[in-house]
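The values are calculated or read from the model by the stated rules, or taken from the named source; none is laboratory data. Because the structure is a prediction, the values reported are computed rather than measured. A quick note on method: Cβ atoms are made from the backbone with ideal geometry, for glycine too, and the neighbour counts reach across all protein chains shown.
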Amino acid sequence: MSWIIVPTRRQNFGFFDRQRDLFSDWLHLFDDSWQGLGLDDSTRRFERELDRVRSELHRMDVQPVMMDETINPFIVDPNGQHKFSLRFNCSQFKPEEIEVKTEDNLLKVHAKHVKEEKGRKIHQEFTRQYMLPENVDPNKLKSRLSDDGVLQIEADVPPPQIEPPKEVMIPIEHLESKKKPEAQKK
């Protein structure tokens, strides 16, 4: 029986510590603006980039996201019923962590999950807002959460009232051209 011994290095590294450790191996892959700085300057620049990435990862955007109103939320179901329907992926949240409400004609979906483990806290949040169209009654909205975490918000709406185009005749103006009188014949 033969044995292959694989050297291992066990350290309690985080993601950013690992990036710092591998930086010198990666430096040759960077563009000339990194290589021309020298190792100390490149290392400082890399540290600044890691700090920027870390701060952006940990920055929380607390502003709710207004959904794009160009999305057409109106559908016709298989029974021919006209409906207002929106779907949201809430698969990372438990049903009790999801809240759906309206304020006047503003639909708000908010989900929040906090998980505490030994020495760390994970905070995950989802917020969407949508201005309801005039023909959607906020009191008739119903929400359902599927087994795979898709939140569907629906309401029956009246079928669109399509008026036939009105025919209007547009008169045509005839412009008379002004002809120059012919020069007198000599």
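With without any contact (Cβ under 8 Å) to a residue 12 or more places away in the chain and either farther than 13 Å from Val150 by Cβ or out of contact with any Gly (no Cβ under 6 Å at 6 or more places or on another chain) (or both) as the only criterion, which of Lys108, Lys115, Lys94 stands out?
On inspection, the qualifying residue turns out to be Lys115.
Give region 118-128 a look and list any residue that's in contact (Cβ under 8 Å) with a residue 12 or more places away in the chain and farther than 15 Å from Gly149 by Cβ, or say none.
Of everything in region 118-128, those that are in contact (Cβ under 8 Å) with a residue 12 or more places away in the chain and farther than 15 Å from Gly149 by Cβ turn out to be His123, Glu125, Thr127.
Has region 162-177 got any residue that is more than 17 Å from His82 (Cβ to Cβ), out of contact with any His (no Cβ under 8 Å at 6 or more places or on another chain), in contact (Cβ under 8 Å) with a residue 12 or more places away in the chain and loosely packed, with under 10 Cβ neighbours inside 10 Å?
No, region 162-177 contains no residue that is more than 17 Å from His82 (Cβ to Cβ), out of contact with any His (no Cβ under 8 Å at 6 or more places or on another chain), in contact (Cβ under 8 Å) with a residue 12 or more places away in the chain and loosely packed, with under 10 Cβ neighbours inside 10 Å.
Filter region 75-91 for residues that are more than 20 Å from the chain's Cα centre (by Cα) and part of a strand (DSSP E or B) and give the result.
Residues satisfying the conditions are Ile75, Val76, His82, Lys83, Phe84.
Anything in region 144-161 that is of a type outside the set (Lys, Arg), under 18 Å from Pro95 (Cβ atoms) and surrounded by fewer than 15 Cβ atoms within 10 Å (Cβ to Cβ)? List them, or say none. Before the answer, list the steps.
So the first thing to find is which residues in region 144-161 are of a type outside the set (Lys, Arg), and the list is 145-161.
With under 18 Å from Pro95 (Cβ atoms) added as a condition, the list becomes 145-154.
Result: Ser146, Asp147, Asp148, Val150, Gln152.
Kindly list the number of the only condition in (1) at negative phi; (2) modelled with pLDDT of 85 or more that fails for Asp104.
(1)
Inspect all residues belonging to region 139-146 and state whether any of them is under 30 Å from Glu97 (Cβ atoms) and either assigned to a loop (DSSP other than H, G, I, E, B) or not assigned by TED's automatic domain parsing to the domain that holds Gly80 (or both).
yes
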